[in-house]
Amino acid sequence: MKDIPDNFWSEGWGCAPSTIDGMRLHSFVSDKQVCHALGELQGNEGASSAKNVGAGVYLTVNGISANHDLPSLSKYQEAASLTKAFEEKYQSSEWNLMAYGLHRHSHAMWQLGAQIRNQVDKNSSNPPTGRTDIDAFVGRYSATFAGIHTDFAHNFAFTLSNGKTMHVMPPHSFIPHIWSDAEYYQAAHPLTYKTDNLCYFPHDYFHCATTPDSASFNVNIAIWESSYINEGTNPDHTGGLYNAFVSSYTQSLIKHPYLATKTPAFITEKLDEKLVVRALRQVSAFGMEASSPSPALPSTPDAPLSRIILAQVGEELRMFANGHALKLNATTLPESSDLKAWILSNKALSSYLDQSIVIQIND
């Protein structure tokens with residue numbers, strides 16, 4: 001994937017809506033891969049892990065839920081055939097197909113999230129600590145289903161067909177006034193999604209989208225500013241420590257993609273082992289709350305990204321790789337300088353890391 005230009009990190013990230021020309025992300029993930037991810041997401045909606053994070057496919061027609069009318073999406077192999085079928089069915093009605101979590105069952109979409117999040121972590125002066133989501137929004141509508149809103153996620157987006165306009169406004173402009181929709185659209189900054197650009201707006205911006213007269217198919221990469229923790233005896237303090245822990249390990253992995261570490265005892269005591277494991281899985285998965293799926297279609301043209309953490313958590317030795325977690329039967333850590341060689345010398349672990357296949361570690 002082409003690198004996001006250097007000037008974006010000083011002029012756009014966290015401070016201003018931006019249009020980054022020449023990115024052409026549809027050459028990194030194809031129509032077929034996006035539509036395959038859409039069908040796989042719909043087919044796996046019953047998974048409990050998906051329900052926990054609100055992943056799934058939703059349809060509204062004229063602002064009313066129409067999931068009962070949602071056909072099987074696995075039969076559509078390209079954006080044009082999907083939008084044509086929905087346009088023919090709903091004709092004069094507004095419709096909005098929303099898919100949350102395309103990365104959960106698609107290696108290509110997971111790698112798209114990894115590529116974007118890796119650039120954010122490397123280049124931003126204050127990297128976010130929340131999750132990474134890959135979503136799709138398809139339809140023809142005069143306003144986003146949620147209306148004018150903010151969701152505290154940094155948003156990158158591009159279009160597969162027809163594009164749309166995202167109307168964005170900073171909170172200091174939005175909050176002091178009562179806006180009618182027409183006044184908001186006139187005053188807001190318009191971001192026009194095209195097939196050859198990548199659009200961005202910061203996590204605290206209010207936003208609402210409109211589409212052209214024909215249906216639009218767009219892909220969105222959302223990176224949440226922070227993780228929200230509702231566990232522990234004091235969720236506020238627990239959440240602060242959790243985010244600091246995620247930030248620290250993320251920065252370590254930017255410098256050393258293969259990391260060996262012993263989790264400090266006070267971290268394990270304050271967060272509890274369950275949250276420590278959750279954090280390390282999240283960091284190894286580039287923020288995505290899903291482990292890397294196995295490739296099902298021809299993969300993306302770039303070499304796959306990986307983050308590997310070998311961590312002693314309490315008395316146990318664990319490995320985290322691209323969101324997968326394994327308990328290892330060992331009592332000591334290898335030296336950090338030897339970690340990569342140690343991993344690659346083990347055929348089973350090498351296969352696991354390359355193919356994202358869960359394996360058993362023998363004694």
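The values are calculated or read from the model by the stated rules, or taken from the named source; none is laboratory data. Nothing here was measured: the structure is a model prediction, and the numbers come from that model. Cβ placement follows ideal geometry from the backbone for every residue including glycine, while neighbour counts extend to all protein chains displayed.
What the table shows:
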{"read-out": "Flag if SER93 is farther than 23 Å from ASP21 by Cα and touching a helix residue (DSSP H, G or I) at 6+ places or on another chain (Cβ under 6 Å)", "value": "no"}
{"read-out": "Filter pass, ILE267 being within 22 Å of GLY314 (Cβ to Cβ), surrounded by fewer than 22 Cβ atoms within 10 Å (Cβ to Cβ), modelled with pLDDT of 90 or more and among the hydrophobic types (A, V, I, L, M, F, W, C)", "value": "yes"}
{"read-out": "Answer from LYS255, LYS194, LYS274 - the residue that is basic (Lys, Arg) and outside the structural domain of PHE320 (by TED's automatic domain parsing)", "value": "LYS194"}
{"read-out": "ILE116, sole failed condition from (1) surrounded by fewer than 21 Cβ atoms within 10 Å (Cβ to Cβ); (2) touching a residue at least 12 places away in the same chain (Cβ under 8 Å)", "value": "(1)"}
{"read-out": "In segment 149-179, the residues that are touching a residue at least 60 places away in the same chain (Cβ under 8 Å), over 15 Å from PRO202 (Cα atoms) and among the aliphatic types (A, V, I, L, M)", "value": "LEU160"}
{"read-out": "Helices (runs of 4 or more DSSP H) contained in segment 180-277 and holding at least 3 residues in contact (Cβ under 8 Å) with a residue 60 or more places away in the chain", "value": "235-255"}
{"read-out": "Cβ pairs under 7 Å, 6+ apart, first in segment 8-22 and farther than 17 Å from VAL168 by Cα, second in a strand (DSSP E or B) and among the polar types (S, T, N, Q)", "value": "PHE8/SER18; ASP21/ASN197"}
{"read-out": "Residue among MET166, MET109 that is assigned by TED's automatic domain parsing to the domain that holds THR60, in a strand (DSSP E or B) and not polar (S, T, N, Q)", "value": "MET166"}
{"read-out": "Single condition ILE134 does not satisfy, out of (1) out of contact with any His (no Cβ under 8 Å at 6 or more places or on another chain); (2) buried (at least 20 other Cβ atoms within 10 Å of the Cβ); (3) among the aliphatic types (A, V, I, L, M)", "value": "(1)"}
{"read-out": "Segment 1-20, residues that are surrounded by 11 or more Cβ atoms within 10 Å (Cβ to Cβ) and charged (D, E, K, R)", "value": "LYS2, ASP3, GLU11"}
{"read-out": "Positions within segment 73-106 being among the polar types (S, T, N, Q) and not in a helix (DSSP H, G or I), in sequence order", "value": "GLN77, GLN91, SER92, SER93, ASN96, SER106"}
{"read-out": "Set ASN118, ASN123: member being over 14 Å from the mean Cα position of the chain (by Cα), in the same structural domain as CYS208 (by TED's automatic domain parsing) and closer than 20 Å to ARG24 by Cβ", "value": "ASN123"}
{"read-out": "Of residues in segment 297-311 being modelled with pLDDT of 85 or more and small (Gly, Ala, Ser), the one nearest to LYS327 (Cα to Cα)", "value": "ALA311"}
{"read-out": "Meets criteria (out of contact with any strand residue (DSSP E or B) (no Cβ under 6 Å at 6 or more places or on another chain) and of a type in the set (Val, Ile, Thr)) for VAL29", "value": "yes"}
{"read-out": "Which listed residue is at pLDDT 95 or above and surrounded by fewer than 18 Cβ atoms within 10 Å (Cβ to Cβ), from GLU231, GLU183", "value": "GLU183"}
{"read-out": "Yes/no for ALA37 being outside any loop (DSSP other than H, G, I, E, B), surrounded by fewer than 21 Cβ atoms within 10 Å (Cβ to Cβ), hydrophobic (A, V, I, L, M, F, W, C) and modelled with pLDDT of 95 or more", "value": "no"}
{"read-out": "Single residue of GLY12, GLY54 found to be of a type outside the set (Asp, Glu) and either farther than 19 Å from ILE223 by Cβ or modelled with pLDDT under 95 (or both)", "value": "GLY54"}
